[in-house]
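Since the structure comes first, as structure tokens, the remarks are kept for the end.
The values are calculated or read from the model by the stated rules, or taken from the named source; none is laboratory data. What you see is a predicted model; the values in this text were computed from it and never measured. Reconstructed Cβ throughout: ideal geometry from the backbone, glycine too, with neighbour counts over all protein chains shown. Remember, those area values only see protein heavy atoms, side chains included, never the ligands or the DNA or RNA. Shrake-Rupley method; radii C 1.70, N 1.55, O 1.52, S 1.80 Å.
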Amino acid sequence: VFVIAMVGRLQRSEQHALSANAAKTSLLHDLELQKNELKASSDRLDTIVQNAADAIITTNDRGDIESFNHSAESIFACSAEDLLGRNMQQLIPTLQAGSWQMLEAGVLGVVDGIRHGVAFPLEITTSKVHVLGQDKFILIAPTSPSVRKSNACSKNSFLPSAMNYARH
């Protein structure tokens, strides 16, 4: 009787362990799916930001650059790699240390940007966001209307040419 009771206990213990392992496996599978979905979402957002027509720059509350998209690279003629971690004051001298409060207003207006050591007019709009307990600033600088117009013309002229080519 004692042996039969022990066998029964061992079988229940084994079933419990198998059930717990199945639950853990299911949980790990769900976590892996969520991780993949989060990565895909992050990749989509990064693609959108990197390929936006306007310059998009994010900084911390001290003005240190945390992200710098391709349009920003073109406007300032600097690579993101060279500027990450550096202060925005290098690109926009108006943003002196401690003046980040003026960014909270939303529209900074036209300021002097610096490209190759030369000042140029740059329109900036700003947003302040709170992320994971920290203040961040998003600075957006539209590309010039002439750049947008030339891009639109090249895209519009491409379509008829491509359609004409496809017919032949």
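Using a probe of 1.4 Å on the protein chains alone, the accessible area found for Phe68 is around 10 Å².
Once the Cα-Cα distance is subtracted from the 0.36 nm per residue extended length, the Thr143 to Val7 segment shows a gain of 41.3 nm. With all protein chains present, calculate the accessible area of Ile48 using a 1.4 Å probe and round the result to the nearest 10 Å². The accessible area of Ile48 comes to roughly 110 Å².
Legend: calculated FRET efficiency, Ser41 to Asp112, from the Cβ-Cβ distance at R0 = 41 Å, rounded to 0.05, equals 0.65.
First select every other residue whose beta carbon is under 12 angstrom from the beta carbon of Ile140; then total the charges, Lys and Arg +1, Asp and Glu -1.
On the way: positive: none; negative: Asp54, Glu123.
Neighbourhood net charge equals -2.
A Förster distance of 30 Å, applied to the separation of the beta-carbon atoms of Gln134 and Thr25, puts the FRET efficiency at 0.25.
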